[in-house]
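The values are calculated or read from the model by the stated rules, or taken from the named source; none is laboratory data. Just so it is clear, the model here is predicted, and its values are computed rather than measured. For neighbour counting, all protein chains shown are included, and Cβ atoms are generated from backbone atoms with ideal geometry for every residue, glycine included. For accessibility, only protein heavy atoms count, side chains too; no ligands or nucleic acids. Shrake-Rupley method; radii C 1.70, N 1.55, O 1.52, S 1.80 Å.
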Amino acid sequence: MEKILCYSLFLFQIHFLLHSSSANNNNYNKNKVPAIIVFGDSSVDSGNNNFIPTIARSNFEPYGRDFPDGNPTGRFSNGKIAPDFISEAFGLMPTVPAYLDPSYSISDFANGVCFASAGTGFDNATSNVVDVIPLWKEVEYYKEYQRKLRTHLGEEKANEIFKEALYLVSIGTNDFLENYYTLPQRRCQFKEVQQYEDFLIGLAENFFKEIYHLGARKISLTGLPPMGCLPLERAINIMEFHGCVEEYNNVALEFNGKLGWLVSKLNKDLPGLQLVDANAYDILLQIVTQPSRFGFEVAQVGCCGTGRFEMSYLCDPKSPFTCSDANKYVFWDAFHPSEKTSQIVSNYLIEKYLAKFR
């Protein structure tokens, strides 16, 4: 009788331990992010534009000179960009591969993939400016990716990845700086910039609803930076002694406020959605206005060339003006942050907005 009692107690302990282990594993899987999936523009493009006929490329020196092996991958940076740092912080790949890069296979994309295209926007007309991938096409590539991953991993495992992945979305700056304020079409259609903002918000809502219905649940939306402080905008702001263009910064703040409203609306309307308003405006403005506080020496111009107007092919690898140490510069070229800035911003976003997904 005593042996039977001990044996029953032993079985009960084993059952309890297995149950606890299973519960712990289920909680772990529930909270863990298995992949980073990226949509957006040049702020998060890891090289898709290398494989389409556009001038909006950066797969040549001096781009990528501080990337591992000094490789110009097509990232608009001297090194890594924000999704790379976020992926690494979540225990995934140290870099997020571009979907159109033929050197990667579907097995490489199981833990992270980038559909972003430099020069694109919420507005299809924005992508037409330099013939890049429109946002709707990024979604089509995502659908294709889903089909491939289901074939590779099986329906159940692939669907789990789509549901538990962290989706990074960074887009919108080009809609204003490359499109609305540069070309006449949208300004003729939308007399007030606020009307154009509302038009973009409608497009953004449709985009988020579409990827939600495709399985996305954990989404980080990064709004507009203080775009009036980009070196290119400061360079042409002669009347204000090359200070930040406050009109553009005010539009960014206004548009970000509308994005915040959209985030709240969608979180209420779509069951299970965790859409985060990961606004980077404030931290970027702090870096630009107080560069020494973050270890920078130069914030008004970029490292590449004169730093005032160069980006993409204008970043001549033979330019004698390109700086020797990009870590001293907030911006790499006239439009994009340096690797160091991207890392600081990524750390900020992870700590303030994304930590709950880890």
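For Gly112, list long-range residues whose amide hydrogen, built 1.01 Å from N in the peptide plane, is under 5 Å from its own amide hydrogen.
Correct list: Ile36.
Roughly what angle does helix 193-213 make with the longest principal axis of the chain, taking Cα atoms, 0 to 90 degrees, to the nearest 10?
For 193-213 against the chain, the angle is about 20 degrees.
Would you kindly state how much longer the chain becomes between Leu153 and Glu351 on full extension, computed as 0.36 nm times their sequence separation minus their alpha carbon distance, in nm to one decimal?
Values: separation 198, 0.36 × 198 = 71.28 nm, distance 3.19 nm.
Extending this stretch completely gives an extra 68.1 nm.
Tell me, what HN-Hα J-couplings in whole Hz come from the Karplus equation 6.51 cos²θ - 1.76 cosθ + 1.60 at θ = phi - 60° for each residue of region 135-145, using x for Gly and Pro?
Ordered by residue, 3J(HN,Hα) equals 4, 4, 6, 4, 5, 5, 5, 5, 4, 4, 4 Hz.
Identify which of Glu164, Glu210, Glu240 has the largest mean-square fluctuation in a Gaussian network model of the chain, with springs joining Cα atoms closer than 10 Å.
So, out of Glu164, Glu210, Glu240, the one fluctuating most is Glu240.
Taking Lys318 as the anchor, which lysines have their alpha carbon closer than 21 Å to its alpha carbon, excluding any fewer than eight residues away along the same chain?
List returned: Lys328.
Taking only Cα atoms, what is the 0 to 90° angle, nearest 10, from helix 339-349's long axis to the longest principal axis of the chain?
It works out to around 50 degrees.
Work out the FRET efficiency for Lys258 and Lys318 from their Cβ-Cβ distance, taking R0 = 41 Å, and round it to the nearest 0.05.
Values: r = 44 Å, r/R0 = 1.06.
E between Lys258 and Lys318, to the nearest 0.05, is 0.40.
Considering only protein heavy atoms and a probe of 1.4 Å, how much of the accessible area of the chain is carbon and sulfur, as a whole percent?
55
Going 7 Å from the Cα of Gln286 along its beta-carbon direction, which residues of region 320-357 have the amide nitrogen within less than 11 Å of the resulting point?
Residues 345, 348-349, 352 fall inside that zone.
Roughly speaking, what is the stretch gain from Tyr104 to Lys265, that is 0.36 nm per residue apart minus the C-alpha to C-alpha distance, in nm to one decimal?
Numbers: separation 161, 0.36 × 161 = 57.96 nm, distance 3.73 nm.
The span from Tyr104 to Lys265 would gain 54.2 nm if fully extended.
So for the pair Lys137, Phe294, with labels modelled 7 Å out along Cα→Cβ, what separation do we get in nm?
Spacing of the two 7 Å Cα→Cβ label points: 3.2 nm.
What share of Cα pairs, in percent, lie more than 13 angstrom apart in region 242-288? It would help to have the intermediate numbers written out before the result.
Details: 683 of 1081 pairs.
Result for the distance tail: 63 percent.
With a 1.4 Å probe and every protein chain left in place, work out the accessible area per residue of the chain in Å², rounded to a whole number. Write down the numbers at each step before the final one.
Values: 16610 Å² over 358 residues.
Roughly 46 Å² per residue, with all protein chains present.
Once you list every other residue whose beta carbon is under 14 Å from the beta carbon of Gly91, what net charge do they have if Lys and Arg are +1 and Asp and Glu are -1? Could you put the intermediate results ahead of the total?
Details: positive: Lys32, Arg358; negative: Asp84, Glu88, Glu164.
After counting each charged neighbour, the total is -1.
Scan around Asp333 for amide H atoms under 5 Å from its own, H built in the peptide plane at 1.01 Å from N, and keep only partners 5 or more places away or cross-chain.
When sequence neighbours closer than 5 places are left aside, the close amide H contacts are Cys303, Cys304.
Roughly speaking, what is the centre-to-centre gap between region 45-81 and region 166-193 when only Cα atoms are used, to the nearest Å?
24
Could you list which residues have their amide H under 5 Å from that of Ser46, counting only those 5 or more apart in sequence or on another chain, with H placed in the peptide plane?
Ala116
Could you state the angle between the C-alpha long axis of helix 2-31 and the longest principal axis of the C-alpha atoms of the chain, as a value from 0 to 90 degrees rounded to the nearest 10?
10
Express the Stokes-Einstein translational diffusion coefficient of region 166-317 in µm² s⁻¹, to the nearest whole number, given a Kirkwood radius over alpha-carbon pairs, 25 °C and a viscosity of 0.890 mPa s. It would help to have the intermediate numbers written out before the result.
Working: Rh = 17.1 Å.
In µm²/s, the coefficient rounds to 144.
On a C-alpha basis, how far is the centre of region 116-140 from the centre of region 270-287 in Å? Whole number, if you could?
With region 116-140 and region 270-287 each reduced to a Cα centre, they are spaced 22 Å.
Step through the residues of region 42-47 one at a time and calculate ³J(HN,Hα) from phi using the Karplus curve (6.51 cos²θ - 1.76 cosθ + 1.60, θ = phi - 60°), rounding each to whole Hz and writing x for Gly and Pro.
Whole-Hz 3J(HN,Hα) from phi for region 42-47: 5, 5, 9, 6, 9, x.
From the cross-link list Lys80/Lys163; Lys157/Lys265; Lys32/Lys209; Lys137/Lys191; Lys218/Lys356, which pairs have alpha carbons spaced over 20 Å apart?
Details: Lys80/Lys163 26 Å; Lys157/Lys265 30 Å; Lys32/Lys209 23 Å; Lys137/Lys191 28 Å; Lys218/Lys356 10 Å.
Checking Cα-Cα distances, Lys80/Lys163; Lys157/Lys265; Lys32/Lys209; Lys137/Lys191 exceed 20 Å.
Which translational diffusion coefficient, to the nearest whole µm²/s, is obtained for region 191-233 from the Stokes-Einstein equation, given a Kirkwood hydrodynamic radius over C-alpha pairs, 25 °C and 0.890 mPa s? Could the numbers behind the result be given before it?
On the way: Rh = 12.7 Å.
Result for D is 194 µm²/s.
Based on C-alpha coordinates, I'd like the Rg and Dmax of the chain, in Å.
That works out to 22.5, 96 Å for Rg and Dmax.
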